[in-house]
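Colleague: Dropping the structure in here first, questions after.
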Amino acid sequence: MKAGDRRRLRRARMAALGLTPALGTAAAPETPLSVARWMGALQAQDYSSGVWSIGVRSGLTLAEIERAVADRQIVRTWPMRGTIHWVPAEDARWMCELLAARVIASLGARYAQLGITQDEIDKAGVLFEEHLGEPMSRPDVLSMLADHGIDPSGQRTYHLVGHHCMTGLLCQGPLAGKQPTFVLIDTWVPLSRKPSREQAMTTIIERYVRSHGPVTEKDIAGWIGGTLGFVRAALELLGDHITREDIGGQTWLSHVDAPTASDGPAGVHLLPQWDEFLLGFKSRDVTLPDEHVANVVPGRNLVFQPTIVVDGEVVGVWRRQGGKDAVVLRATPLTRLTAKALRGLEASSAAYARFLGRDVELRVEGD
């Protein structure tokens, strides 16, 4: 792919992902709910990473995002790929019902390793219906299962709870201290939408393409954890809402209402470990140079480091450390940063400080 084409794809993605000011018709999200609706879902297996994924796209503070969780506007649950995501509360049930079945079907061997039987799965479901009318912390869920004769040791509780989140019975509630809580969707969510299967298919695929494009069919299938057949059926239903362009020997899909990217650089961003910027795509060749992969994914196992992104391309990693008086943010560039990029890094650090509501001290290694 030509360098100019790659740069154009990067900038289009940054606008779609809500990481640059949009010039098109789509309004920039301003609430946690509108971010979740726009993105379709945001990876959130790590809580601090997940809330910053919303914050970096909205300018909202951690406190404001957590208020939206308490107000039942957004929830964390397991809608696809067996991974926790932020989703609009109203969409949690149908997303799980549409997308999680393939993961559940693949877990038989793991359940057998842990000694989890279908009887235990069913019994746990009944117990959850009886006891999780209000949010219950993970330690309390563990104790409740043990009190009713279900072994909660090791990863058993995680899988029993996760199973019933994937079926649409449960979702996560607000944190209890630092512990996640779990609650029945039917009692926690004010209104669960009930689209038809075709409406559900087109909704999730349209949201993904609009908020992540340009993408390939394989990107879509990888994101939903589904088949190319499912993806192509949804794309056919979407018709001329989806545009296609051949670049570098591949067909790239975008949405007709996607934000228009600026012709100029896409800015500097400090993105969290599990952000959609990288995790939202099957292939990351457009945004992650080959020479940086070993630093960004040290174990080659999809455990990414938080990234420094300049004009839509990964140029470094960063980590957060607790300090006595301030959070210390240690930035490690993987290439030489220009003076303009360093100023952008300082501005991004200041944005992170506003999000946390704490002082942040930026330390750039090599300075």
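Colleague: Would you please give the residues with an amide H less than 5 Å from that of Thr181, counting only those at least 5 places away or on a separate chain, with H modeled from the backbone geometry?
Modeller: Result for Thr181 returns Gly173, Ala176.
Colleague: Same structure again: Hand me the trypsin sites (Lys or Arg not before Pro) from the range 246-330 located in a DSSP loop with no more than 12 other Cβ atoms within 10 Å, in residue order please.
Modeller: Details: sites: Lys282, Arg284, Arg300, Arg319, Arg320, Lys324, Arg330; in loops: Lys282, Arg284, Arg300, Lys324.
Those satisfying the criteria are Arg300, Lys324.
Colleague: So, one more: Considering all alpha-carbon pairs of the range 25-171, what whole percent are spaced by more than 24 angstrom? Spell out each step's value before the answer.
Modeller: Working: 3891 of 10731 pairs.
The proportion of pairs with Cα distances above 24 Å equals 36 percent.
Colleague: Around Thr243, which amide H atoms from residues at least 5 apart in sequence, or from another chain, sit under 5 Å from its own amide H, with H modelled in the peptide plane?
Modeller: When sequence neighbours closer than 5 places are left aside, the close amide H contacts are Ser254, His255, Val256.
Colleague: In straight Cα distance, which lysines are under 28 Å from Lys123, not counting same-chain residues fewer than 8 positions off?
Modeller: Reachable lysines: Lys178, Lys194.
Colleague: Hey, what do the phi angles of the range 186-196 turn into as Karplus ³J(HN,Hα) couplings, whole Hz, using 6.51/-1.76/1.60 and θ = phi - 60°, x for Gly and Pro?
Modeller: Residue by residue, the range 186-196 yields 5, 9, 8, 8, x, 8, 9, 5, 10, x, 5 Hz.
Colleague: Name the residues of the range 301-324 whose amide N is less than 19 Å from a point 7 angstrom out from the Cα of Lys178 along the C-beta direction?
Modeller: Flagged as within label range: 319-324.
Colleague: Search the structure for amide H atoms under 5 Å from the amide H of Val317, placed 1.01 Å from N in the peptide plane, and list their residues when 5 or more places away or on another chain.
Modeller: So Val317 has HN proximity to Ile308, Thr332, Leu334.
Colleague: Same structure again: Could you name the lysines whose alpha carbon sits less than 23 Å from that of Lys218, not counting residues in the same chain fewer than 8 places away?
Modeller: Lys2, Lys282
Colleague: What whole-number volume per residue, in cubic angstrom, does the convex hull of the C-alpha atoms of the range 268-364 give? Provide the component values of the computation, followed by the final result.
Modeller: Values: hull volume 9.0 nm³, N = 97.
Each residue corresponds to 93 Å³ of Cα convex hull volume.
Colleague: If I take R0 = 25 Å and measure r between the Cβ atoms of Lys218 and Glu198 in this structure, what FRET efficiency does the formula 1/(1 + (r/R0)^6) give, to the nearest 0.05? All intermediate terms of the calculation are to be shown ahead of the outcome.
Modeller: On the way: r = 22 Å, r/R0 = 0.90.
Once the sixth-power term is evaluated, E becomes 0.65.
Colleague: In the range 4-95, which GluC sites (Glu not before Pro) are in a loop and have at most 16 other Cβ atoms within 10 Å, using DSSP for the loop call?
Modeller: Details: sites: Glu30, Glu64, Glu66, Glu90; in loops: Glu30.
In loop regions of the range 4-95 (DSSP not H, G, I, E or B), the sparsely surrounded GluC sites (Glu not before Pro) are Glu30.
Colleague: Right, something else. Starting from the 7 Å offset along Cα-to-Cβ, what nm value, one decimal, do you get for the label separation of Val256 and Thr61?
Modeller: 4.2
Colleague: Turning to a different aspect of this structure: Relative contact order, percent, of the chain when contacts are C-alpha pairs under 8 Å separated by at least 6 residues? Please list the in-between numbers first.
Modeller: Details: 653 pairs, mean separation 75.0, N = 367.
Once divided by the residue count of the chain, the mean separation gives 20 percent.
Colleague: Now a separate question. Could you give me the ³J(HN,Hα) list for the range 149-165, computed from phi with Karplus coefficients 6.51, -1.76, 1.60 and θ = phi - 60°, whole Hz, x at Gly and Pro?
Modeller: For the range 149-165, the Karplus curve yields x, 9, 5, x, 6, x, 8, 5, 4, 4, 6, 5, 5, x, 4, 7, 6 Hz.
Colleague: Identify the trypsin sites (Lys or Arg not before Pro) of the range 132-215 meeting these criteria: DSSP loop state and at most 14 other C-beta atoms within 10 Å of the C-beta.
Modeller: On the way: sites: Arg156, Lys178, Arg193, Arg197, Arg207, Arg210; in loops: Lys178, Arg193.
Qualifying residues, ordered by number: Lys178.
Every number here is computed from the coordinates shown, using simple stated rules; none is lab data. This one's a predicted model, so the numbers in the text were calculated from it and none came from an experiment. Neighbour counts are summed over all protein chains in view; Cβ atoms, including those assigned to glycine, are modelled from backbone coordinates with ideal geometry.
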